[in-house]
1. Filter segment A:762-779 for residues that are within 14 Å of chain C (Cβ to nearest Cβ) and touching a helix residue (DSSP H, G or I) at 6+ places or on another chain (Cβ under 8 Å) and give the result.
2. Looking at (1) in contact with a helix residue (DSSP H, G or I) (Cβ under 9 Å, 6 or more places away or on another chain); (2) of a type in the set (A, V, I, L, M, F, W, C); (3) without any contact (Cβ under 8 Å) to a residue 40 or more places away in the chain, which is the only condition B:Cys46 fails?
3. Consider A:Ala69 against the criteria (1) buried (at least 24 other Cβ atoms within 10 Å of the Cβ); (2) under 24 Å from the mean Cα position of the chain (by Cα): it satisfies all of them except one. Which criterion is unmet?
4. Restricting attention to segment B:153-187, and to residues there that are closer than 19 Å to B:Cys46 by Cα and open to solvent by 50 Å² or more (accessible area, probe 1.4 Å), which single residue is nearest to the chain's Cα centre (by Cα)?
5. Tell me yes or no: at least one residue of segment C:44-54 is within 29 Å of C:Glu134 (Cβ to Cβ) and within 16 Å of ligand 3 (Cβ to nearest atom).
6. When C:Leu227 is evaluated against the numbered criteria (1) within 14 Å of chain A (Cβ to nearest Cβ); (2) open to solvent by less than 20 Å² (accessible area, probe 1.4 Å); (3) more than 16 Å from ligand 4 (Cβ to nearest atom), which criterion, by number, is the only one it fails?
7. When segment C:182-191 is examined, which residues are found to be in a loop (DSSP other than H, G, I, E, B) and either open to solvent by less than 10 Å² (accessible area, probe 1.4 Å) or more than 7 Å from chain B (Cβ to nearest Cβ) (or both)?
8. Going through segment A:746-760 one residue at a time, which ones are surrounded by fewer than 21 Cβ atoms within 10 Å (Cβ to Cβ) and within 14 Å of another protein chain (Cβ to nearest Cβ)?
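The values are calculated or read from the model by the stated rules, or taken from the named source; none is laboratory data. Because the structure is a prediction, the values reported are computed rather than measured. Cβ sites come from the backbone with ideal geometry, for glycine too, and all protein chains shown count toward neighbours. Heads up: the accessible areas ignore ligands, DNA and RNA and are worked out on the full protein's heavy atoms, side chains in. Shrake-Rupley method; radii C 1.70, N 1.55, O 1.52, S 1.80 Å.
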Amino acid sequence: MKIKRRDFLKLSAATGAAATVFKKPVLNAFAETKKKSVLGEREGKWKPSTCQGCTTWCPVEIFVQDGRAVKVRGNRYSKQNDGKVCPRGHLSLQQVYDPDRLKVPMKRTNPQKGRGIDPQFVPISWDEALNTIADKMMELRHAGEPEKFALMRGRYTYLRDIIYDVMPKVFGSPNNISHSSTCAEAEKFGSFYTEGYWAYRDYDLDKTKYLLVWGCDPVSSNRMVPASIKKLGDVIDRATVAVVDPKMNNTSAKAHEWLPVLPGTDGALALGIAHVMLTEGIWYKDFVGDFKDGKNRFKAAQEVDETTFQEKESHGVVKWWNIAVKDMTPQKAAELSGVSFDQIVRVAKGMAKAAPNVCVWMGPGCAMHVRGGYSAMAVHALAGLTGGTDNEGGSLQTAKIPVNKLDKDLLKTFQDDLAKKHSKMKKIDQRGYLNLPAISKGKSGGGVATNNAANGILNKDPYEIKMLVGYMNNFAFSCNGTERWEKALSSVPFIVHLTTNASEFTQFADIVLPCVVNKYEKYGFVKTKANRYATCTLLQPVIEPVWDVITDETEFPFLLSEKLKERGFPNLYDALTTMYADPETGRKAKNAKEFTEYALKYYTAPLWDGKKDSHGDKINGWEDMKNRGMWNSEAYKYKSHWGGKYKTKTGKFEFYSETLKKALGGHAEKHNVDIDKVLEESNYTARGEMAFVPHYEPPHRNGDMKKYPFVFIDYKSRLNREGRSQNCPWYYEFKHVDPGDVSHQDSLKINPVDAQKLGIKDGDKVRISSIGGSGECVAHLWEGVRPGTVAKAYGQGHWAYGRTAAADYAKAKERGINNNTIIPWDIDRLSGSNARNGGQAVVKIEKV
Amino acid sequence: MNEIETKLQQSNGLRLLAACFYEPDPTLFEEEKMCRNISAICADICPQACAAASDMYLALQNSSLQDLQIAHAELFLGPFELKASPYGSTYLEKARRIMGDSTMQVVQLYRKAGLEVDIKEPPDHIVIELEFLSYLFALETEALQNSESTQVAKLRAEQKVFQERYLLPWMPEFIENMKKGTENNFYLALADCLEKFLCQLTVPDQSIPTYECNGTQKYAAATAY
Amino acid sequence: MKTQYAMVIDLKKCVGCGACALACKTENNTALRKNGQTYNWADFLHETTGKFPDTTYKTLPVLCNHCSNAPCVEACPVEPKAMYKTPDGITMHNDERCIGCRACQEACPYSMEEVRRDGEYGEYSVISYNEEGEPTHPFYKDNRELIQGCTSSGIDTARAVGATPPHRTLYDHPDYEDVRRPNIVEKCIFCEHRVRKGKLPYCVEACPAGARIFGDINEPKSEVSKLLNKHKSKVLKPEEGTKPNVYYIREYGVKG
Ligand code: SF4
Ligand code: SF4
Ligand code: SF4
Ligand code: SF4
C-alpha cells in the first residue's frame, strides 16, 4: 500500500476569492464515481447450476454479486423452462443463507438417544470426525461384518454412484438405501406394468387436446413445474382440462372439470371411465384395435369372447374387460368414488373425442396407497385406451442422455473376498421378502422400500445395523410413521449424518458433517426431461461455500478413503482414484476437490468430448460445458415404442400385464408359494387373474372410522423444497399461495359443514389424532374439501432443523404437526413405496 | 484564520496524517516537506500538536528506512498479530472481524459522496477514513467559498455522522494500541499528533438546518438496517 | 403523448404460484413481516366461493397500482413531496425526503396500517413502514446460535458474506436505496432502476406464466395497449377514483 500520487502530499491553498474555481483535492485512496448517473443494477454475473427443490430439476442460473448469490432464474439454454423458475427457485436463497446452517463438524456427547433428548453436540475438527468414522468402519471389517454398515441417501445427484455404490460395495456392505420410494415408486409401477417404463413420464402439453391430471398439481409440484405454469393458460384455452384430486388444487381451480375423488377410490373411477369408453365404442381404435367385425360387444356385465377382437398396439384389452372392467359401470364407479355419474361420462366422452392427443398425467395421489399399485395402472391404462401413450399431445417417455455409467466390472476388481461376499447379503429394508415383493422393473426385491428399513433396523432382521451413514436425508421427518423411525434410529449404536442443518435425523447422530447446499455450492449432474427434451444439467458451486463444508457425494468418500488407506484398507482409495481418473489426461486425483471435478467429467464426457454424436446440443469441451451448464437432447420422437417396441413382456401396451404376471410369478417361486399368497401377504385383495390387470382395490384405512371419522388428505405445498424450506421465513409469509392455506400457520382444511358439527370455528386451534400420532394445528373452514375429509399440506411440523422451522429447537417442540406423524407407518408392498395417499390415515379432530 | 482557511487547513492536515500511515517512504516525505507542512498546519490551527509534529520530523531524520518499515509492518501489516489493527471494524464490531457491517456502512457513505475506494484495502482502513474526512472538509471549503449554505449544512451533517459513528469511536483504542505497540519514535509521535489533531476538530454543532441534517443522518442510519 | 407505464395481469394465465412476489423480495431486498408490516411489494388476494363440489377458487396478484390520481401523493406533507409521480406515471418514493409520517399509507385505499392476516382473508398492504430505531433486517442481526459453536447465526451469515441481507441485490437509484432505512415508508416503484435501463420490472421478468405484461398504455403499439383493447379489463376499487394503472384481464378459472 503505497502513496500513488505525489500530489496527494501537496497542500491546497485558500484562494480567498469566491470567484476562483475551486480545485478539488487530489485523491489517493479513492476514485470518483460518476455520481449523478448512478442508476441500475451493480455488476454481477449469471452463473449456471441446477435447482433440486423438487423433482423437476430445473437448469437454472444464479446472479452473483460480490461473490454472493442474489437472484435466480432458469437457464437461458433450457428448452424446458424458458429461463423461468417456480416460486421455490427464489425461495432457496434463504436456504443457502440460512442462519442455522452447520458451520463445522460436531459430535454427540450425550450417549442417550431419543426424540427430545439433547444430543449435546460439540464442535470437532474435520480430522477428528473422519478418524472416528474410519475407525468405526475398520472395526466392522476386522470383525468380519461389513454388512452392518448402511448408507442412506436423500437428495442426490447422479454423482451418487460414488458414495452410494462404490463406497459400500468396496467396503463390503449390501446396504445402500435410497429415499426414492418415499414419493415415486408406486407411480412408476403404474407405467411400468402397462408400458414397460419405470420412470416419471414426460407430457406434451403443447399439443394436447385433453389434459387429465390425476392425483397431483402440475403447476405446483411433480414434474416440469415452470413449463406447466407457462403452458396451462394456453392449454385451458385450447383443450379441455380435467383434474382428479380429493381436494381443490391450483390446477383444478382453473380447470374445466374437477373430479373430487374419495381418497383411495381412484381405481374405481379410472375403471368407470374405461367402462364408458368401451361400452360406448369410443376407445382409440388405431391403438387398441377393434372387433374384427366392427361390432361393439362391450356391454355392461357381459363377458366378451377374446377371439372376436383384433388388437394393434396393445395387449389383453378384452381380458381386462372380462376380469375387471365389465362390472365397474359408471354408476358403480360414481357410488364408490364420490364423483358424479354425469361427470364420469362427460370426462370419458371428452377424452375419447380428443383421442389420441390425450395427456394422462398420473401423479402420486392415485398411486402412493397401501394398495396403490393397481390404481396407478388403472389410471395409466386410460392413456392406452385413448392412444395418448407415447404419442403427440400425450404422455411420453424420454430421449436418451448418453452419459457414462458406473463401470461395474472395474468396481468388482477393488472388492476383496470379504467385500464380495458380504455385499451380496440381504438388505436391511427386507426387499424381496415374501411380504415385500418391491418388484421394481420386474424383479423381485428390485426396488427399494425406504420405509421398511425402519423395521429391518428395529427387528435386527436380517441382522443388526451397527453403523449408519445418512446424507441429505431426513427419514425421521419425511417417512410416514415418524415414531417408528425415531425408535429405529435411537437403536443404532453409531450414526453419521451429512447435512446442511441439524434436522430431525441429525438428532440421533453421533458425528455430524456439514455439507454444501446443492444448487449453490455443489458439483453434480442430473438427468431430467420436459417438453419432449431430455436434459443433462450440472450443479456447480456458483459461490464459495459460506462455511467450512464438504460435498457429500464425492469429497466425503474421498477423504474417508484416505483415512481407510492409512488404516491398512487402500481398496476404496484405489477404486476411486482409478475409476474416476480425469478422462482427458488420465491423471488421478490428488485431493478431494480434484476428485470431484474428475468424477463429474468422467460421467458427462460423452456430452462434450466431441467423440460421438450426442444427439443433442453440440458442446465444445469441458469449459464450454461448465459455462453453459447444461445439454439438451433432440426432441423426443413420438411413438418411439409403438409397433411392438414397448419394454413389456409382449412389447405391447399391456392391459393384461404379462410383465406383472411374470414378476409376481418370479417372486412367488422364489418363496415357494403361489401368487395369491404373495398378494395376501402384501395386503392386496386381488386373487387369481385379477392380479394381472389394472383393477379396483378397496382402500385400506388404518384406524377405526368410528373413532377416527375423517379421512386425511396429504399433499405437497407448492413452496416445499422437499421438507427443507420450512426454515425459510418466506415459506410462511407466502403460505397462502397454497389454496385454502393461511400464512404463518399450519392450516387444516375442513369443510364448514363438518366444522359446524364439531363446534369448530375458523382459526380455532385443533388437535388432530390418528393411530399414528397426534398434534396441533389450526382449522381453516374451506369449501375446497369434501365433508368427511380434511386436508393439510405436508411440510410443517418440524421439531428440529432451525429457529424458524421448529417452535423451539432446544426443547424439540414442533411448529404445527408433521403429516408423517399423523399418517401411520405403512407401505405399498408391491412397489415398496411409502403409502401416504389414498386416505390410509383416518383422524379425529378436537378443538383445543 | 477565518472559517474557510481553518477548514482548508484541517482538510490538509487530515490528508497528510493519512499519508503517514501508508508504507513509509522517507525520501518522498522529505521531498514533499511533509513533516514541516504538518508542523505549519498545527501551528495555524492546533498548537497542542506542534510538539508532536516536530518530534515526527526529528524521528524521520533519525530512523533508517528499514526501522520504519519494520515498525510499520508490526503495527499495521502482520503477518503476526497486528499491534494496532488499522481497520475500524476491528474495533466497532464485537466479533473483531474484517468486513463487518460497519464496513459496508462506510462504503455507503463513500458512495453517497461520489467516491469509490481505489486501493486494495478494506474500506474502513485508517488511511481511507482519514482521507474521506479530509475530502468532506475540502468540499465544505468549496461550499463556503461559494456561499452555498445548504451544501455546507449537508456536508457538516455528513461529517458529523462519519466522525461520530465511524471514525472517532475507534480512535482512542487505536491510538492507545499504537503507543503500546511500538518503540519507533516516528510512529509514537504520529500517534500523539493524530490524537491531538483529532481533538481540535469540532464535530459540527446543532445549528444545522434540521431538514438537511436529519436527511443525512437518517441515511447513515439506513446502513444500520 | 407522454408515457404512462402500466401493468396488465392476465388472470387466465396466472396460476397464483407466488413467483412474482418472491422474485420481488429478492430483487428489492424487502424485509420480513414485522410490526404489522408485510414488506410484500407484490402480494396476493384469494377468494373461495360456492359450496363443495361446486367450489370456485381464485387468486389475484396485487401490487401498487401506480394510480394516476394517487391519494398517497396527495397526502404526502413534505415539500417537495417524498411520494410523487414521475413523468412516466410511476408513483415514486424518495427515501431521503420521506419523514416517516405514514400519511400516504393512511391515504392509500390499497394499504393498511397494520396487516394482521393475509390475502386469504383479503388483507394486504401496498405501503409498508420501517419502524424508527429498528433495523430493517433484524433476522440477520440476531446473534443467537442454535447449537453453540456449531451452527451459524443471522449476523454471522451476514458477516461471512458481507451484506445484509446476505442475498442483497445491489442497485442504485437516485430516489431509493436497495435496502431502505428506518422511519420511512416503502412500496413497489415499478422497478424503475430496471425500467430506465431498458429492462422489465423483475416480477414481470420472473413470472413463469407470462401473466404480467408491462408497458406504456399511451403507446398504441405496446403489448399492454393491445391487450386492453382486446379484452375487457378491471381495476381494483374503481369507486375510489384513484385511476389505477394495474389492469386485470380475463378470468382466473374456466368456471369464472
Ligand atoms: S423447485 Fe422445482 S420447479 Fe422450482 S425451480 Fe426448483 S427444480 Fe424448478
Ligand atoms: S408469477 Fe405470474 S403466474 Fe405466478 S402468481 Fe405471479 S402473476 Fe401469477
Ligand atoms: S396503490 Fe396506493 S400507494 Fe400505489 S399509487 Fe395508488 S394510492 Fe399510491
Ligand atoms: S414492479 Fe418491481 S417493485 Fe413492483 S412488484 Fe414488481 S418486482 Fe416488485
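1. Within segment A:762-779, the subset within 14 Å of chain C (Cβ to nearest Cβ) is A:762-763, A:778-779.
Hits for segment A:762-779 are A:Asp762, A:Ala779.
2. (3)
3. (2)
4. Residue satisfying both the conditions and the ranking: B:Leu168.
5. Step one: of segment C:44-54, the residues within 29 Å of C:Glu134 (Cβ to Cβ) are C:44-45.
Retained after the next criterion (residues that are within 16 Å of ligand 3 (Cβ to nearest atom)): C:44-45.
Yes, segment C:44-54 has at least one match.
6. It is condition (2) that C:Leu227 fails.
7. Restricting attention to segment C:182-191, the residues satisfying the condition of being in a loop (DSSP other than H, G, I, E, B) are C:182-184, C:187-191.
Correct list: C:Ile184, C:Lys187, C:Cys188, C:Ile189, C:Phe190, C:Cys191.
8. Correct list: A:Pro752, A:Val753, A:Asp754, A:Gln756.
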